[in-house]
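These notes are about the structure you will find just below.
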Amino acid sequence: MANKHPGSVLITGGTANLGFHAAIDIARAHPDCTVVLASRSAGDGAARRINQLLNQDNVVFIPLDLMDTSNIHAFVQNWPSHNFPPIKALLLNAGLQFPGPLEKTAEGVEKTFAIQVGHALLFHLLSPYLATGARVVVTASGTHDPAQKSGMPDAVYTSAEELAHPPAAMVDIDGRQRYTTTKLANILWTYAVHRHLAQEAPERGLTINAFDPGLMPGTGLARNYSPVMRWLWNNVLPRLIPLFRLVYTKNVHTPEESGAALARLAVGADVEGVSGRYFEGVEDLKSSVDSYDERKQDDLWGWTVDYLAKDGEEKARFQEFK
């Protein structure tokens, strides 16, 4: 693609549901921007549908597997060949839930947490391609906060090492707790990056925020649940959204609604320069008590850089956002 646009927006998990609808809103509002959908699922059709819907040609798809660090390295090494303009928004949106027994990637990392690790690597490797003032948005979840009483197991952050490589005592825990704890890790990492950006690279003007899209029945999050649960999630619960808002929580949305809120954080003028915050939809709110624990933030930050950096030189670049 010719370098004809003034900025790029990269969305992981952008081929369906939340990311897909955010991409539509961003591409519609900014036809002069290149919108890149990155996913391990087939995405050419998603990019094509958005371009046809908008009668534009500014949405493209590039395959990316966030559970494979070698694939992430290859993705970033190939990034300059596309001649895309500098990235003005990086939406780290992909996420998976594994409610059953412990599952690990080929590299031995627990799969739910592996998405967080992959996003961190993608961010660090893409840092040289982020425009001055670029925005990073991390999709999290209100289920990270025990005070919200979501019905999911409470998040329990012990250490990043134990999330990545669960010891014997953590092998048989509920897979849904791995999900809520990873969502807590998303926010801990967001706040850690915000602090380090302010200390190490304030001149770049980069911002990072966490985003809770709310409960979105009908999305692909339940793909690994039982057939009955998937049927209920996809066919019954979406019809009950108005009822859920009345009797459960107002934080229940369609993918279109949450996609619009995510697009606002990516390109909205009213949140320019805002960083280190947690948004529930369009509301700037407090996250869980644990998410502000700087010891946990530092543990996750330090482990992530140590685990991902190939050598001392790369570790320094990751820490200095170069």
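At-a-glance table
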{"read-out": "From L91, L122, residue being crowded, with 22+ Cβ neighbours inside 10 Å and in a strand (DSSP E or B)", "value": "L91"}
{"read-out": "Residues that are under 27 Å from D306 (Cβ atoms), charged (D, E, K, R) and open to solvent by 30 Å² or more (accessible area, probe 1.4 Å), drawn from segment 131-163", "value": "E161, E162"}
{"read-out": "Residue within segment 34-49 that is among the acidic types (D, E) and outside any helix (DSSP H, G or I) present", "value": "no"}
{"read-out": "Residue in segment 6-39 that is farthest from H119 (Cα to Cα), counting only those that are among the small types (G, A, S) and open to solvent by less than 10 Å² (accessible area, probe 1.4 Å)", "value": "A27"}
{"read-out": "Scan of segment 262-305 for residues that are closer than 28 Å to A114 by Cβ and of a type in the set (G, A, S), ordered by number", "value": "A263, A266, S275, G276, G281, S287, S288, S291, G302"}
{"read-out": "Boolean, F98 is open to solvent by 20 Å² or more (accessible area, probe 1.4 Å), in contact with a helix residue (DSSP H, G or I) (Cβ under 9 Å, 6 or more places away or on another chain), aromatic (F, W, Y) and not in a helix (DSSP H, G or I)", "value": "no"}
{"read-out": "Where a residue in segment 3-21 is on the phi > 0 side of the Ramachandran plot and modelled with pLDDT of 95 or more and its partner, wherever it lies, is open to solvent by less than 10 Å² (accessible area, probe 1.4 Å) and in a strand (DSSP E or B), with Cβ under 6 Å and at least six apart", "value": "none"}
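The values are calculated or read from the model by the stated rules, or taken from the named source; none is laboratory data. Only a predicted model underlies this, so the values are computations on that prediction, with no experimental measurement involved. Neighbour counts are summed over all protein chains in view; Cβ atoms, including those assigned to glycine, are modelled from backbone coordinates with ideal geometry. Side chains included, ligands, DNA and RNA excluded: accessible areas come from the protein's heavy atoms. Shrake-Rupley method; radii C 1.70, N 1.55, O 1.52, S 1.80 Å.
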